Amino acid sequence: MAFILTRIKVADYDEWKSMFDQDVPGARRHATEHRLLRNVDDPNEVFIQIEFRSVEDAQASRERLLASGVLARFDDHSGPTVVEVAERVSHEVD
């Protein structure tokens, strides 16, 4: 299992989300799932987590995303970075 992590600062979340849903670069073509997270203090700061079955699938999707130039329209962004799980721990909450 591997992931692509990206952080972007959007001007308008709803407008950006409608474009994200179209997935023009095909970054989620081979994804098993994705998550969108928003900063509670700044809802226009978005964190994107896309899950893949393999590092190779994640790297290929990262290359499609970079080649598309879609991230170039955001002055404030980091990633896309391909990562693997180093540790996963569940905690019981009272």
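Every read-out reported here was derived from the displayed coordinates using simple, explicitly stated rules and does not represent laboratory data. Quick caveat: nothing in here was measured; it's all calculated off a predicted structure. Glycine gets a Cβ as well: all are built from the backbone with ideal geometry, and neighbour counts include every protein chain shown.
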- Note on the structure: Extension length gain for LYS9 and HIS77 (0.36 nm per residue less Cα distance), in nm, is 23.9 nm
- Query: Where does the chain land at 222 nm, in deg cm²/dmol rounded to the nearest 500, when only DSSP H runs of n ≥ 4 count, each adding -39500 (n - 2.57), divided by all residues?
  - Reply: -8000 deg cm²/dmol
- Message: Can you tell me, using C-alpha contacts under 8 Å and at least 6 residues apart, the relative contact order of the stretch 2-84 as a whole percent?
- Response: 48 percent
- Counting Lys and Arg as +1 and Asp and Glu as -1, each charge on the Cβ, what is the dipole of the chain about the Cα centre in debye, to the nearest 20? 400 debye
- Taking the dipole of the stretch 2-84 about the Cα centre (Lys, Arg +1; Asp, Glu -1; charges at Cβ), the one of PHE3, SER68, HIS30 that reaches farthest to the positive side is HIS30
- Item | Ordering of 85-93, 43-51 by burial proxy (mean other Cβ atoms within 10 Å per residue, highest first) | 43-51, 85-93
- Message: Just want the answer: with Cβ charges of +1 for Lys and Arg and -1 for Asp and Glu, which residue in THR81, VAL93, SER54 is farthest toward the dipole's positive end in the chain?
- Response: SER54
